[in-house]
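> Take a look at the following structure, please.
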Amino acid sequence: MGGAAGALSGAALLGIPPYLSKETGFLGPERNLALLAASVGFLVGMIPGTVIGLVVGLLKPRLLIGAIIGVGVGFFISPVLLAMGADPQLDTGLFSFALAGIPIGGVIGLLVAAINRRPSPTPPKKPLDRSTGRVFPI
């Protein structure tokens, strides 16, 4: 669940701005590159979403703690980008993507924690009557 939510949010964050752009570069209109940007966002968003889903799914915390775990993973993206050599003044789009990952990570953590906290279905109180093939005896 976390990986899917992260992938969809990453695809939306990177795919929508070029789709709405009216600018033209040396490769042609930026609008034509929206599918490529959404595909990259899909792959890039899947990694933190999967980490959030895995950690929250294994720990099964309360809703608030799940959201805090998601915010923590989302916050961790910015120092990783800085360590990889990204410049905040030159790569403003990349850092706005990283900053948007903080609240999105919190929402993903909240959703995964809410799904994991549901009670499991209870088995039937009376076993099935298998001799007649009916659920309820007549």
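The values are calculated or read from the model by the stated rules, or taken from the named source; none is laboratory data. Every value quoted in this text rests on a predicted model; they were computed, and no experiment measured them. So basically every Cβ, Gly included, is an ideal-geometry build from the backbone, and we count neighbours across all protein chains shown. These accessible areas exclude ligands, DNA and RNA; they are computed on the full protein's heavy atoms, side chains included. Shrake-Rupley method; radii C 1.70, N 1.55, O 1.52, S 1.80 Å.
> With open to solvent by less than 70 Å² (accessible area, probe 1.4 Å), farther than 19 Å from Met1 by Cα and either without any contact (Cβ under 8 Å) to a residue 12 or more places away in the chain or within 13 Å of the chain's Cα centre (by Cα) (or both) as the only criterion, which of Gly25, Gly105 stands out? Before the answer, list the steps.
On the way: Gly105 fails: farther than 19 Å from Met1 by Cα.
From the options Gly25, Gly105, the qualifying one is Gly25.
> Scan region 53-61 and tell me whether some residue there is exposed (fewer than 13 other Cβ atoms within 10 Å of the Cβ), modelled with pLDDT under 90 and farther than 21 Å from Leu110 by Cα.
No; the residues of region 53-61 include none that is exposed (fewer than 13 other Cβ atoms within 10 Å of the Cβ), modelled with pLDDT under 90 and farther than 21 Å from Leu110 by Cα.
> OK, next. Go through Phe75, Phe95, Phe42 for me and flag whichever is in a helix (DSSP H, G or I), over 22 Å from Gly15 (Cβ atoms) and of a type in the set (Phe, Trp, Tyr). So that I can check it myself, show each step before the final result.
Details: Phe95 fails: over 22 Å from Gly15 (Cβ atoms); Phe42 fails: over 22 Å from Gly15 (Cβ atoms).
The match here is Phe75.
> Identify, from the list Ala38, Ala67, Ala7, the residue that is small (Gly, Ala, Ser), in contact with a Leu (Cβ under 8 Å, 6 or more places away or on another chain), in contact (Cβ under 8 Å) with a residue 24 or more places away in the chain and under 15 Å from Ala113 (Cα atoms). Give the derivation first.
Values: Ala38 fails: under 15 Å from Ala113 (Cα atoms); Ala7 fails: under 15 Å from Ala113 (Cα atoms).
Step by step, each of Ala38, Ala67, Ala7 is checked, and only Ala67 is small (Gly, Ala, Ser), in contact with a Leu (Cβ under 8 Å, 6 or more places away or on another chain), in contact (Cβ under 8 Å) with a residue 24 or more places away in the chain and under 15 Å from Ala113 (Cα atoms).
> Sticking with this structure for a sec: Of the residues Ala12, Ala4, Ala34, Ala100, which is outside any loop (DSSP other than H, G, I, E, B), open to solvent by less than 50 Å² (accessible area, probe 1.4 Å) and at pLDDT 90 or above? Please lay out each step first, then the result.
Details: Ala4 fails: open to solvent by less than 50 Å² (accessible area, probe 1.4 Å); Ala34 fails: at pLDDT 90 or above; Ala100 fails: at pLDDT 90 or above.
Answer to the selection: Ala12.
> Another question about this same structure. Hey, can you tell me all the residues within region 78-92 that are assigned to a helix (DSSP H, G or I) and closer than 19 Å to Gly105 by Cβ?
Step one: list which residues in region 78-92 are assigned to a helix (DSSP H, G or I), which gives 78-83, 92.
Passing the criteria: Ser78, Pro79, Val80, Leu81, Leu82, Ala83.
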